[in-house]
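A.B. asks: Shown below is the structure under consideration.
Nothing in this text is a laboratory measurement; each read-out follows from the coordinates by a stated rule. Everything quoted here is computed from the prediction, not taken from an experiment. When we count neighbours, we look across all protein chains shown, and the Cβ atoms used for this are built from the backbone with ideal geometry, even at glycine.
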Amino acid sequence: MTNSDSAAVSATALPKTAVPLGIADPVSSARAELKAALAAIEIKGNVPRRLEKASARAAVKARRFADRNPVGAVAAAIALAAVVGSAVWVFARAASR
């Protein structure tokens, strides 16, 4: 297999949650649909993995923002610290009453 062949195969590969077209056998079709449904449930239901990916994307965005606008990044960090500090203060005050 050459590089162009492997590129063609990867370009036409279906995602795990897709059901291939043209399956004539109803049993095979049902199995393919079940396999795709279980893959979709696994992707949607794996919350720790989704949180990990979302936090990685947010970190990349924050680094990119800090590289482009260092003053804005410092201001955003100060604002975030103020919001978190205020929330902790409100919670502690409410808990102490």
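A.B. asks: Over the C-alpha atoms of the chain, what are the Rg and the largest Cα-to-Cα span, Dmax, in Å?
C.D. replies: That works out to 23.9, 72 Å for Rg and Dmax.
A.B. asks: Also, I was wondering about something else. Report the local net charge at Val19: Lys and Arg +1, Asp and Glu -1, summed over other residues whose C-beta lies under 9 Å from its C-beta.
C.D. replies: After counting each charged neighbour, the total is 0.
A.B. asks: Shifting gears a bit: Using R₀ = 35 Å, calculate the FRET efficiency as 1/(1 + (r/R₀)^6) where r is the Cβ-Cβ separation of Phe65 and Glu42; round to 0.05.
C.D. replies: So the FRET efficiency works out to roughly 0.60.
A.B. asks: Over all directions, the average projected area of the alpha-carbon convex hull for segment 48-97 comes to how many nm²?
C.D. replies: 4.5
A.B. asks: Oh, and also: Output the DSSP H helices from the chain with an along-axis C-alpha extent of no less than 18 Å and a mean Kyte-Doolittle hydropathy no less than -1.0.
C.D. replies: 26-45, 47-68, 70-96
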